[in-house]
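Some notes on the structure that comes next.
Just so you know, all these numbers are worked out from the coordinates, no wet-lab data involved. From a predicted model like this one, the values you see are computed outputs, not experimental measurements. Every residue, glycine among them, receives a Cβ derived from its backbone with ideal geometry; neighbour counts consider all protein chains shown.
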Amino acid sequence: MKYKIDLHIHTSVNPHAFSTLEENIRAASKKGMEVIAITNHGPALPDTPHWWHLVNISILPEVIDGVRVLKGVEANIMDEYGRLDINQDVYSKMELVMAGFHIVKGYGDNLDKERNTKALVNLINSQKVDIIVHPGNPLFPIDYEAFVKNAKLAEVAIEINNTSLGATTRVGSLENCKTIIELAKREGCYIVLGSDSHYSGHIGDFSRAEKLVELLDYPQELVLNSSKEVLEKFLNRRKELRAVNVE
Ligand SMILES: [Zn+2]
Ligand SMILES: [Zn+2]
């Protein structure tokens, strides 16, 4: 396996995922993963635990079974202002805040490209997010040029989601992801491959995303999965940028 860092993993506290935290960590350790992030969904989706769960992830040790376990969340974008569905208590405990579009109550028309772009740009510029997940989702069209340029300026990373490139979820993402990677390469953005694992066997599976990134010859020093050093540099910088925005 080429990349030993996977920053997008769900555990069975989201009932549509099938492995517990311990099963995931054990599987990651067995595969020789160096860093994983636990990133369960924010509370706006129906199949999520009480927000106390997200807060309490902070009790976990930094390293378990030889794997660095980052405490994260996959938050939901709630409106055109780019507000997220996590409160300050959750936010302040997170080592990694990822966010993206999902169908959530109250968001409004998911096909409104202008509005989606506004939401995303506002969120990025608020500096409250480290990684934007699955932006190639055809259910939420966006202006890729504006998205990528703002991500670069705000030093926010862009995820290439391996699950999106399969046959079952967010179908139609492939061409969009190609466009995003091309623009991101031109601008010099950080990207990150995410397995979006909902089962421990899928941790570190970047088979489809990896091909795309290789095909477009993406510079490895901008791929967060490529080494602990690249990741650490990114996270340290994100910490500085996020600190400005703590309420
Ligand atoms: Zn998602
Ligand atoms: Zn996910």
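Worth a mention:
- Each of Ile38, Pro138, Ser126 was scored by the projection of its Cα onto the charge dipole of region 1-159, and the greatest displacement toward the positive side belongs to Ile38; charges sit on the C-beta of Lys, Arg, Asp and Glu.
- Entry note, the chain: relative contact order of 21 percent, from Cα contacts under 8 Å with a spacing of 6+ residues.
- Share of Cα-Cα pairs in the chain lying beyond 29 Å, as whole percent: 20 percent
- When the charge dipole of the chain is built from unit charges on Cβ atoms (+1 for Lys and Arg, -1 for Asp and Glu) and taken about the Cα centre, the candidate among His8, Ile103, Thr169 whose Cα reaches farthest toward its positive end is His8.
- Long pairs among Lys105/Lys152; Lys31/Lys113; Lys31/Lys93; Lys93/Lys228; Lys2/Lys128; Lys4/Lys178, criterion Cα-Cα beyond 32 Å: Lys31/Lys113
- Legend: calculated FRET efficiency, Tyr81 to Asn56, from the Cβ-Cβ distance at R0 = 45 Å, rounded to 0.05, equals 0.95.
- Dipole magnitude for region 1-43: about 200 debye, using +1 per Lys or Arg Cβ and -1 per Asp or Glu Cβ, origin at the Cα centre.
- Most fluctuating residue given options Leu139, Leu120, Leu224, as computed from a GNM of the chain linking Cα atoms under 10 Å: Leu139
- Highest-first packing order for the peptide set 65-77, 25-37 is 65-77, 25-37, based on the mean count of other beta carbon atoms within 10 Å.
- Measuring how big region 199-247 is from its alpha-carbon positions, Rg and Dmax come out at 14.5, 42 Å.
- With Rh defined as the Kirkwood radius, the inverse of the mean 1/r over Cα pairs, the Rg/Rh of region 49-191 is 0.97.
- The gain in end-to-end length when the Asp89 to Glu155 segment is fully stretched comes to 21.4 nm, 0.36 nm per residue minus the alpha carbon separation.
- Rounded to the nearest 20 debye, the dipole size of the chain about its Cα centre is 220 debye, using +1 on the Cβ of Lys and Arg and -1 on the Cβ of Asp and Glu.
- From phi via Karplus (6.51, -1.76, 1.60), per-residue ³J(HN,Hα) for region 233-240 in Hz, x at Gly/Pro: 4, 4, 5, 5, 5, 5, 4, 4
- In order along region 68-79, the Karplus-derived 3J(HN,Hα) couplings, from 6.51 cos²θ - 1.76 cosθ + 1.60 at θ = phi - 60°, round to 6, 10, 7, 8, x, 8, 10, 7, 9, 7, 9, 7 Hz, and Gly and Pro are given as x.
- Theoretical ellipticity at 222 nm over the chain - DSSP helices of four or more residues, -39500 (n - 2.57) apiece, nearest 500: -10500 deg cm²/dmol
- Sequence-distant contacts, meaning Cα pairs under 8 Å at least 6 residues apart, place the relative contact order of region 95-158 at 43 percent.
- 16 Å cut-off, amide nitrogen to a point 7 angstrom out along Lys233 Cα→Cβ, residues in region 131-157: 155-157
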